1. Scaled to the compact-protein estimate 2.2 N^0.38 Å, what is the alpha-carbon radius of gyration of the range 13-118, rounded to two decimal places?
2. Past the 25 Å Cα-Cα mark, which pairs from 70/261; 183/300; 182/302; 261/300; 70/182?
3. Loop only per DSSP, at most 16 neighbouring Cβ atoms within 10 Å: give me the trypsin sites (Lys or Arg not before Pro) in the range 129-191, ordered by residue number.
4. For the range 216-294, take the convex hull of the Cα atoms, compute a quarter of its surface area, and give me that in nm², please.
5. Translational diffusion coefficient of the range 70-125 at 10 °C, 1.306 mPa s, Stokes-Einstein with Kirkwood Rh over Cα pairs, in µm²/s as a whole number.
6. Which residue, 24, 11, 69, has the largest displacement toward the positive end of the dipole of the range 1-138 when charges sit on each Cβ (Lys, Arg +1; Asp, Glu -1)?
7. Residue 267 to residue 61: extension gain in nm, 0.36 nm per residue of separation minus the Cα-Cα distance?
8. First check a/c for the range 56-214, with a ≥ b ≥ c the square roots of the eigenvalues of its C-alpha gyration tensor; if it is under 1.5, answer rounded, and if not, answer prolate when a/b is larger than b/c or oblate otherwise.
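Here, each number is a calculation from the coordinates, and none is a lab measurement. Small disclaimer: the values here were computed from a predicted structure and weren't measured. Here Cβ is always computed from backbone atoms with ideal geometry, including for glycine, and neighbour counts include all displayed protein chains.
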Amino acid sequence: MINKPLVLTYLYLLIYVLLSSGVILYNKWVLSPKYFNFPFPITLTMIHMAFSGLIAFFLIRVFKVVAPVKMTFEIYATCVIPISAFFASSLWFGNTAYLHISVAFIQMLKALMPVATFSMGVMCGTDKPRCDVFLNMVLVSVGVVISSYGEIHFNIVGTVYQVTGIFAEALRLVLTQVLLQKKGLTLNPITSLYYIAPCSFVFLFVPWCLLEKPGMAVSQIQFNFWIFFSNALCALALNVSIFLVIGRTGAVTIRVAGVLKDWILIALSTVVFPESTITGLNIIGYAIALCGVVMYNYIKVKDGRASQLPTDSIPERLTKDWKLEKKSSDIFTPISTSDTNGGSGGGNFNGSELNDEEAPLLSSRLSHIGRSQLSNHTA
């Protein structure tokens, strides 16, 4: 007897892996001078933001698929705007890195994401310094350094862009937890794009005017509508697949899928872009870094299980939250201060497990459920 829910879950995971890898490879192909030759990463990112924001507007305001969040000006000014700024920065720097370094090396550098997230969490007070996590971070850093040393086409400019984008994304994730989750605001990918994408577009407009507009005015590059439309559509589809994956799997499955996706993407990039050469030192360094990432994921999942109530399983809590969401449509509801002291050290699922270029504000659905039930239980 075929287990249809399980098959559907694996299908969603497969779609997520394919779309995530496809968006990254597509962006590289569009931006690379050797292929489509559109060397304007800010422009490409602005196209994605404009398209996603427009689709989210129609889904929310016209077709009423999802109800908008009750957003106040104070929340928008103090939460959405700073988060949008770092979201725009992470996309800008990440896409610019494609002009200088290979997709395979970029994925190896992305192993630094737990290091950046943990560092920013400690600095912002959402995470506590821990010896075991610190040792994992050292292991990841050593692995990335070895992998970088073995990179044949090492480019300092591209590396700086990518690392800066990683830390900007880490700060965005921490700010999401500090600013929005502590206010009790839960956004799904559609509502988050509705609020985040237009604001990110505005933030990107200023550097675009200074850095890319003059070059575009004198360049002979022709604008291909179907290329950019399909590229933006893939980015939007990735957001939808993330929403489906979060709704059907737990943190363990998503973390494992993320690691698998990175290996698949590294292998695919060498096939799609033959000039992307991988050395043995690359693989050794990345394997060392990956050991640290896997150990870090194990610690986070273990902490998350310890903080969850044993009465309901993750799928049951997701089902209850989904039914509640269908009724309330992500209405702003404040959470008591006792619910917000867990920090990311408590096994929060805040979107860093997915770590995709176009992933919007991914709220901590699993940790939000756990904190809410814990609050009700202790009350």
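1. Ratio of Rg to 2.2 N^0.38 Å for the range 13-118: 1.29.
2. Violating the 25 Å limit, Cα to Cα: 70/261.
3. On the way: sites: 130, 172, 182, 183; in loops: 130.
Sparse-neighbourhood loop trypsin sites (Lys or Arg not before Pro): 130.
4. About 8.4 nm², averaged over all directions.
5. It comes out at roughly 117 µm²/s.
6. Looking along the dipole axis, the top candidate is 11.
7. Numbers: separation 206, 0.36 × 206 = 74.16 nm, distance 4.16 nm.
Length difference between fully extended and current span is 70.0 nm.
8. Verdict is oblate for the range 56-214.
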